[in-house]
1. Show me 202-211, 155-164 ranked by packing, highest mean number of other Cβ atoms within 10 Å first.
2. So what J values fall out for the stretch 16-26 if you push phi through Karplus, 6.51 cos²θ - 1.76 cosθ + 1.60 with θ = phi - 60°, rounded to Hz, Gly and Pro as x?
3. What does the charge add up to near Ala387, with Lys and Arg as +1, Asp and Glu as -1, over the other residues with Cβ less than 10 Å from its Cβ?
4. Under the rule of at least 5 residues apart or a separate chain, name every residue whose amide H is placed under 5 Å from the amide H of Thr181.
5. Normalising by the residue count of the stretch 156-259, find the relative contact order in percent from Cα pairs under 8 Å and 6+ residues apart.
6. Using a 1.4 Å probe over the heavy atoms of the protein chains, calculate the carbon and sulfur portion of the accessible area of the stretch 96-248 as a whole percent.
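The values are calculated or read from the model by the stated rules, or taken from the named source; none is laboratory data. Fair warning: this is a prediction, and the values are worked out from it, not measured in the lab. No Cβ is skipped: glycine too gets one built from the backbone with ideal geometry, and neighbour counts run over all protein chains shown. Heads up: the accessible areas ignore ligands, DNA and RNA and are worked out on the full protein's heavy atoms, side chains in. Shrake-Rupley method; radii C 1.70, N 1.55, O 1.52, S 1.80 Å.
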Amino acid sequence: MKESIEVIKQRFHIIGNASLLNRAIEVAMQVASTDLSVLITGESGTGKESFSKIIHALSPYRRGNFIAINCGAIPEGTIDSELFGHEKGSFTGALESRKGYFEETNEGTIFLDEIGEMPLATQTKLLRVLEYGEYVKVGSSRVEKTKVRVVTATHVNLLYAIKEGTFREDLYYRLNTVPITIPPLRERGADVILLFHKFASDFAAKYRMKPLALTPAAKELFLTYAFPGNIRQLKNIVEQMALLEKEIVITPEVLEKYLPSEAKYALPVLYKKWMHNGSTEKAFIYGMLLDLKREVAELKELILDPSVSPVKQQGYMPHVEHFPAEYKQENLDVPLLDREYSLKTVEDKQPPATAQEPIKKLSIEAQEQVLIRKSLQKNHGNRKHAADDLGISERTLYRKIKQYEIEAYSYKLKK
């Protein structure tokens, strides 16, 4: 009998209603009844093992054993023995024969997490298991047979690993018959609040206390935080607050103490399409940095000599369409130094640049602060409208407000 998505969520304790999450569950349910290999991709802490359990529970292999193996946690010298077993005396310390995981889980399911960490030599043996259902124990010459459902997972881009020579291309295409992508927590919207309440309730029962509650402002902060550690990080944060906080009502000031400072001012959150177009997150970030470097160089050239600037020659202002109408300058013949909004600092007190140091006194960050403050003032502190005016995401605007210590809420009081 085909079980609904909601029944699966209850059965495997999956919390959330995000469309990307529901789609991943639907694919897992559809592929479970087949013998196809499944590759689960997703960031660390997104719950990839839960999806492997869904596939096992709904598959013809459900009567067999299920075992989850973290390939990155097994030393390279022993992983072959762990997976395929070994014979007595095959290496130092092999005092007796031992069954491997593929023998132990025969007619069952084996979940290989962090498959990208598997050594190349072991990848070759795994490919033979997938193709022919055969393997050879360490120290033996006898071919063993096995019938195991293999589900793999990784948080890295295997296509990049192939280019780096650390992962076999033929194994990748054998594993990636059906891909399932688990969305990161930051792309699941209100699921963050649902998970918070679930964890708060669990820890309240565990520590015999009242469950934690969030103020509206704290909820907003939770929704804009990137959660690089995903669900695992959220759970740890809730448990820390449950243990350490005397008050059960959590405000933004309290929440700030438990959010790692290195993640508060991170780069803007990357859109999920990087996983589908064959690039990597690292390559995407490098591209962003190169674009920024190029634009800064163009800006410097425009300031030093507008007559030879490639910006003037091509007749456009980079990203000018993202600025509010009152900040746009159509006349590119007016030097940037003469434009009203270009060199004003937040307090309009910065001294003019000297001839010897025309660049040192210029502050792009100061101009960014001016635009943010003016946009917030124009929109009476409404970050969503201000972000729309500036042509950036609300999450990026929130990060900038925190970075520059702009009192965003004070604008609401001036309305």
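1. 155-164, 202-211
2. Values, residue by residue: x, 10, 4, 4, 5, 5, 4, 5, 4, 5, 4 Hz.
3. So the environment of Ala387 carries a net charge of +1.
4. Excluding prolines and chain starts, which carry no amide H, the hits are Thr41.
5. Computed over the stretch 156-259, the figure is 27 percent.
6. Within the stretch 96-248, the accessible surface is 51 percent carbon and sulfur.
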